[in-house]
Amino acid sequence: MAETLTISGLEAWYGESKVLHGMDFNVRAGEVVTLLGRNGAGKTTTLKAIMGLVENREGSIRLDDAELIAAPPFEIARKGIAFCPEERGIFSSLSVRENLFLPPTVAKGGMTIEQILDLFPNLKERLDSQGTKLSGGEQQMLALGRILHTGARFLLLDEPTEGLAPVIIQQIGRTIRQLKALGFTILLVEQNVAFASGIADRHYVVELGRVVDEIPGSELEARLDTLKSYLGL
Ligand code: ATP
């Protein structure tokens, strides 16, 4: 399933307020690509717009030849695209196992529970614990495991490292590399440049609802000062 996501002239509004002003970028099959930018630049809104979760959007979102700009979220999910929100969305009254099985399957070939537990051994002991009993890191792993179970192959991940300890961040980084090796395609929103630099093929810099620069992974080190000035670091 070789599929490229091509975003052209993407605009989005919350009510009267325009937040995306013509985003242009692409993510090719099998790549890990990041959106980097200051708070409020529009990175999360971009992921939500791709997933159909921002009602008011214009422009083009194509998965190969399929135009998704007007598609409802369930149709986008059925194309194998899944969104893992920053707040993770774990149902606290449900067990880990119940959370894992909650989203409907969208395609054949979703990971089995055994495969998910191989990726996230920490969850093994926790299968029957309630969502609320999990640490932040375990919740992030559960949120990732849950979308892997659905059969989605194109993953939109919103700041998976947010608020996590360095050792857990390393573990999430290893998992993303494993997912890439398994052929998943990943669009990642990140604030943590060190994390992003270790895992991504390419980076797009987002400012005020537009892509203002593209940095290949191999050039990030050399262009770190430029990137830091974009990010106000
Ligand atoms: P952050 O890392 O802070 O989430 P971001 O780059 O992901 O930053 P967005 O969350 O996409 O930025 O927000 C872009 C702009 O849209 C911001 O000005 C934000 O205040 C505004 N915004 C986000 N969500 C809503 C909403 N539900 N209603 C109205 N405005 C919103």
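Readers should treat all values here as calculations from the given coordinates under stated rules, not as data from a laboratory. Bear in mind the structure is a predicted one, so any value in this text is a computation, not a measurement. FYI the Cβ positions are ideal-geometry reconstructions off the backbone, even for glycines, and counts take in every protein chain you see.
Across the stretch 210-219, rounded Karplus estimates of 3J(HN,Hα) from the backbone phi angles (6.51 cos²θ - 1.76 cosθ + 1.60, θ = phi - 60°) give 9, 7, 10, 6, 10, 10, x, x, 5, 9 Hz, Gly and Pro being marked x.
What shape does the stretch 1-148 have by the C-alpha gyration tensor, where a ≥ b ≥ c are the square roots of the eigenvalues, rounded means a/c under 1.5, and otherwise prolate means a/b greater than b/c and oblate the rest? It is prolate, given that a/c is not under 1.5 and a/b is the larger ratio.
Given R₀ = 45 Å, FRET efficiency for V212-K133 by Cβ-Cβ distance, to 0.05?
The value I calculate is 0.60.
Under 1.5 on a/c is rounded, so check that first for the stretch 77-184, then, if it is not, pick prolate when a/b is larger than b/c and oblate when it is not; a ≥ b ≥ c are the square roots of the alpha carbon gyration tensor eigenvalues. It is rounded, given that a/c, with a ≥ b ≥ c, falls under 1.5.
Quick check: residue separation of A181 and L53 times 0.36 nm, minus the Cα distance between them. What number comes out in nm?
Values: separation 128, 0.36 × 128 = 46.08 nm, distance 2.88 nm.
Answer, rounded to one decimal: 43.2 nm.
Need one number: % antiparallel among DSSP beta bridges in the chain, to the nearest 5. Taking every DSSP beta bridge with both residues in the chain, the antiparallel ones total about 55 percent. Straight Cα distances below 26 angstrom link K124 to the lysines K108, K133, K180, with same-chain residues fewer than 8 positions distant left out. Near the amide H of I69, within less than 5 Å, lie the amide hydrogens of I61, all on another chain or at least 5 residues away, with H placed in the peptide plane. In this simple spin-label approximation, T6 and K124 carry label points 7 Å from Cα along the Cα→Cβ vector, and these lie 4.5 nm apart. Remark: spin-label model distance T226-A107 equals 3.3 nm, labels positioned 7 Å along the Cα→Cβ axis.
Model label sites at R78 and Q191, defined 7 Å from Cα along the beta-carbon direction, differ in position by 3.7 nm. Please determine, in degrees from 0 to 90 and to the nearest 10, the orientation of helix 136-149 with respect to the longest principal axis defined by the Cα atoms of the chain, where the helix direction is its Cα long axis. Between the helix axis and the principal axis of the chain, the angle is about 90 degrees. Estimated at 0.36 nm per residue, the fully extended path between S93 and R174 surpasses their Cα-Cα distance by 26.2 nm. Over the chain, dividing the summed -39,500 (n - 2.57) contributions of all DSSP H runs of at least 4 residues by the number of residues returns a 222 nm mean residue ellipticity of -8500 deg cm²/dmol. When both the stretch 11-81 and the stretch 153-175 are represented by their alpha-carbon centers, they are found 21 Å apart. Applied to the stretch 172-181, the Karplus parametrisation 6.51 cos²θ - 1.76 cosθ + 1.60 on θ = phi - 60° returns per-residue 3J(HN,Hα) values of 5, x, 4, 5, 5, 5, 5, 5, 4, 4 Hz, with x for Gly and Pro.
Ordered by the number of other Cβ atoms lying within 10 Å of each residue's own Cβ, fewest first, L179, L157 fall into the sequence L179, L157.
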